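The block underneath contains the structure these notes are about, expressed in structure tokens.
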Amino acid sequence: MTDPAVVFSPGSPVAEIVLNRPRALNAMNMAWVEDFCTAAHAASAADDAAVIVVRGAGRSFCAGLDLKMTREGGMPAGFYPKQEEGFSALERANKLVIAKIHGHCLGGGVQLAIACDIRIAREDATFAIPAPTEGLFPGMAVWRLPRFIGLGRALQFAISGDQIDAIEAQRIGLVDYVVPVEGFDEGADEVVARYTKIPRTAAAATKRMMRGSFERDFDTMFAESLPLLEASRSSADVLRAAQSFEQRRAAKKSG
């Protein structure tokens with residue numbers, strides 16, 4: 001029996017989506033997008049998880065489109081809609097999604113990374129969108145990438161096919177954290193642990209509103225934010241935070 005191309009591992013407070021085609025550097029074929037879509041929906045529905053981590057098995061995060069698939073018979077019908085369904089499931093999930101990136105992050109791998117909310121890169125990770133240099137259209141990178149790094153830089157990065165390292169990716173806003181090669185898993189897990197401690201309701205609302213902000217004007221956003229502000233003021237999370245603050249202040253006075 002063939003191993004699944006993408007594996008969902010439930011957990012609390014962290015659930016994992018593992019890209020599982022290590023021999024192909026986790027490149028995307030039809031089985032990959034189908035399994036990824038299933039895993040993304042399962043992770044989104046996992047109530048026990050505060051955070052979803054997406055990582056690649058083996059030597060790379062994701063090398064993008066599996067060109068072997070296109071050489072052997074062309075692009076399967078439904079590939080891109082299924083891919084986008086999976087990416088959108090992560091973007092719409094009511095929990096934070098964190099990418100742990102190492103090795104190659106190319107093409108569709110970059111799209112997957114920016115469909116996540118937070119990106120942690122190993123120092124030796126490399127990033128590129130080679131599609132146009134290979135005569136291919138880069139898919140919905142044309143929509144996602146300008147939102148992260150600006151239109152001018154997105155055009156240059158995507159059309160040139162230039163490869164950049166993790167430090168440059170962080171400098172231009174493509175990556176949030178860069179962790180040394182030695183101790184990467186431990187360092188990345190420390191970052192993930194920090195986000196599991198953030199109150200879930202506030203994190204989910206912040207994500208949802210920011211993700212939708214490009215399609216709304218200020219007045220609409222403000223009107224939609226008011227009920228969230230009112231609800232959060234009396235939430236159990238705010239009460240716990242206030243109690244914790246008072247306890248710390250009392251401890252300082254007694255000390």
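The table below lists the values:
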quantity	calculated
Selection status of Ala166, at pLDDT below 95 and crowded, with 16+ Cβ neighbours inside 10 Å	no
Complete set of residues in segment 38-65 that are in a helix (DSSP H, G or I) and farther than 17 Å from Ala99 by Cβ	Thr38, His41, Ala42
Pairs where the first residue, in segment 23-51, is at positive phi and the second is part of a loop (DSSP other than H, G, I, E, B) and surrounded by fewer than 22 Cβ atoms within 10 Å (Cβ to Cβ), C-beta under 8 Å, 6+ apart	Leu25/Gly58; Leu25/Arg59; Leu25/Gly103; Asn26/Asn20; Asn26/Ala57; Asn26/Gly58
Residue under evaluation Leu174, criteria (1) in contact with a strand residue (DSSP E or B) (Cβ under 8 Å, 6 or more places away or on another chain); (2) in a loop (DSSP other than H, G, I, E, B); (3) without any contact (Cβ under 8 Å) to a residue 40 or more places away in the chain, criterion not met	(3)
Helices (runs of 4 or more DSSP H) enclosed by segment 66-126 - at least 1 residues per element that are basic (Lys, Arg) and either touching a residue at least 12 places away in the same chain (Cβ under 8 Å) or touching a Phe, Trp or Tyr at 6+ places or on another chain (Cβ under 6 Å) (or both)	67-71, 79-92
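The values are calculated or read from the model by the stated rules, or taken from the named source; none is laboratory data. In this text the structure is predicted, and so the values were computed from the model without any measurement. Counting neighbours? That spans all protein chains shown, and the Cβs are built from the backbone with ideal geometry, glycine included.
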